[in-house]
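Down below is the structure, laid out as structure tokens.
Just so it is clear, none of the values below were taken in a lab; they were calculated from the coordinates. All figures in this text were calculated on a predicted structure; none of them were measured in a lab. Note that each Cβ is placed from the backbone with ideal geometry, even for glycine, and that neighbours are counted across all protein chains shown.
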Amino acid sequence: MTSLGVVFRPQLPPERLRAYARLAQDSGLDELWLWEDCFLAGGVSAAAAALAWTERLRVGIGLLPVPLRNVAVTAMETAALHRMFPGRASVVVGHGVQDWMGQVGARAASPLTLLGEHLDALRALLRGEKLTVQGRYVTLDGVALDWPPPRPAPVLAGATGPRTLRLSGAKADGTLLTCATSPDGVREARRLIEEGRAAAGRAQPHRVVVYLLAATGAGAAERVRADLAAEHAGPGAGVAGDAAAVAEAVRRLADAGADTVVLQPTSGEPDPEGFVRFAAEQVLPLVRR
């Protein structure tokens, strides 16, 4: 069964997160996803707070930009989330927006190499291994977590281009796709992920999470068009309309290979909490029918 979640956009002030997370849980949604966008909000701090304020809600961070983070810090924070809130946290790492990385002096000459080294080291540390690594970007000397997760802690990668999608298949436990992804784009992403998995000899399940830009009510179509244009999205991405239209868009992504669909409100959403209620009370029953 496809999981359904919503995004808390970091353009909202952090102090609104508590009520938003509680509403997402109490209304019956499966997941809440947060962004670490520069320079709005920290992903780990927000996720920890949302997890602490709820009891059942799964919380995803999509995504942590690896140029900003030493892999040992990423591993420590990920392990802490999994130990404190078992089975409820999803951590995604990725390239980050390159212009933002340049603003803070962290832009990598080879983002693909950096992401691959980070994924290898992060997953090994979370397995409790002691690492000595001398890579192009990742350097560790006898590093091991004192408190690794007691159970496997999946690590997802954010990916768009073919090389990163193959890398995610080879080195990550799942993939996060942006709201610019159509159902055909999900199918193509699954194909490229499978190429990476086959090349690496990996057989375990690979979770695919897809953001779906959605809006309802007055001005919905215009808001979706504006946001998709900013994302340079092709045809077939996003949805505007009533609950039936949004649920059908969710089903199309699920049929294309999405395990989790996360409804992303538009940047101009006039009622973020109302969007959560719409997703839970009107869309979710149609998806589950």
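Laid out as a table, the results:
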{"read-out": "Of all residues making up region 121-153, the number that are surrounded by 17 or more Cβ atoms within 10 Å (Cβ to Cβ), touching a residue at least 40 places away in the same chain (Cβ under 8 Å) and either under 19 Å from the mean Cα position of the chain (by Cα) or not in a helix (DSSP H, G or I) (or both)", "value": "10"}
{"read-out": "Total residues in region 78-100, condition surrounded by fewer than 20 Cβ atoms within 10 Å (Cβ to Cβ) and not in a loop (DSSP other than H, G, I, E, B)", "value": "6"}
{"read-out": "Considering residues of region 47-71 that are of a type outside the set (Val, Ile, Thr) and in contact (Cβ under 8 Å) with a residue 60 or more places away in the chain only, the residue farthest from PHE8 (Cα to Cα)", "value": "LEU63"}
{"read-out": "Answer from GLU15, GLU36 - the residue that is more than 30 Å from ALA109 (Cβ to Cβ) and not hydrophobic (A, V, I, L, M, F, W, C)", "value": "GLU15"}
{"read-out": "Leading residue by the ranking (farthest from ALA189 (Cα to Cα)) among those in region 253-271 that are touching a Pro at 6+ places or on another chain (Cβ under 8 Å) and crowded, with 18+ Cβ neighbours inside 10 Å", "value": "PRO265"}
{"read-out": "Residues that are more than 20 Å from VAL276 (Cα to Cα) and either among the basic types (Lys, Arg) or touching a strand residue (DSSP E or B) at 6+ places or on another chain (Cβ under 9 Å) (or both), drawn from region 49-69", "value": "LEU63, LEU64, PRO65, VAL66, ARG69"}
{"read-out": "Subset of region 21-46 (residues that are assigned to a helix (DSSP H, G or I), over 20 Å from ALA243 (Cα atoms) and in contact (Cβ under 8 Å) with a residue 12 or more places away in the chain)", "value": "ALA21, ARG22, GLY43, VAL44, ALA46"}
